[in-house]
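Peer 1: Have a look at this one.
Values in this text are rule-based calculations from the coordinates and carry no lab data. Keep in mind that this is a model prediction, so the values were computed, not measured. A quick note on method: Cβ atoms are made from the backbone with ideal geometry, for glycine too, and the neighbour counts reach across all protein chains shown.
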Amino acid sequence: MARPQGARGDPFDLPRHPPYQRSMKGDIRTATRAARPLLWVPLALIAFYVAVNWTGWQRRADLAAGLGARMACSCRYVDGRDLASCRGDLAGVPWMALVRYADDGAHKRVIASIPMMAERSARLRDGFGCLPERR
């Protein structure tokens, strides 16, 4: 069986890049180029999921902010407790961990918000207790 020989007839003088290696490099580049659009698939799926569920999340955030405002207002102005101690009253309710509270002592009002989603407020009315304010 004959051994492959280089251009000068020496069996150890083989070409540096056999033809099969050059074609593999092209195949790898082609495969990488073809796989690039697949990198966007997870991002597109996440964007689609957020777009579909955004209105439901906003509705829940609005309800949580309204409930938080009313309960915190009653706790603060009817019970006379500190706003920091009122946060623990709603700790187990879904979405309440996201609610941020602000106290407006001059108007006897508590503002509850979930950043970038919802904001509601409740005010103490004499004889009625804490009522949600209209937007």
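Peer 1: Using the beta-carbon distance between ALA47 and SER85 and R0 = 35 Å, what value does 1/(1 + (r/R0)^6) give for FRET efficiency, to the nearest 0.05?
Peer 2: For ALA47 and SER85, the calculated efficiency is 0.30.
Peer 1: Moving to a separate point now. Going by average Cβ neighbours within 10 Å, how do the peptides 61-68, 109-116 rank, with the highest at the top?
Peer 2: Top to bottom by mean Cβ count within 10 Å: 61-68, 109-116.
Peer 1: List, in order, the whole-Hz ³J(HN,Hα) value for each residue of segment 102-117 obtained from phi through the Karplus relation with A = 6.51, B = -1.76, C = 1.60 and θ = phi - 60°; use x for Gly and Pro.
Peer 2: With coefficients 6.51, -1.76 and 1.60, one gets 9, 9, 10, x, 5, 9, 6, 9, 10, 10, 10, 8, 10, x, 6, 10 Hz.
Peer 1: To continue, here is another question. Going by how many other Cβ atoms sit within 10 Å of their own, how do SER121, SER85 line up, fewest first?
Peer 2: So the residues, fewest neighbours to most, are SER85, SER121.
Peer 1: Using a Förster radius of 30 Å, what is the FRET efficiency between TRP57 and VAL78 based on their Cβ-Cβ separation? Nearest 0.05, please.
Peer 2: 0.45
Peer 1: Oh, and also: What are the extents of the Cα atoms of segment 41-132 along their three principal axes, listed from largest to smallest and rounded to whole Å?
Peer 2: Extents along the principal axes, in whole Å: 56, 21, 18.
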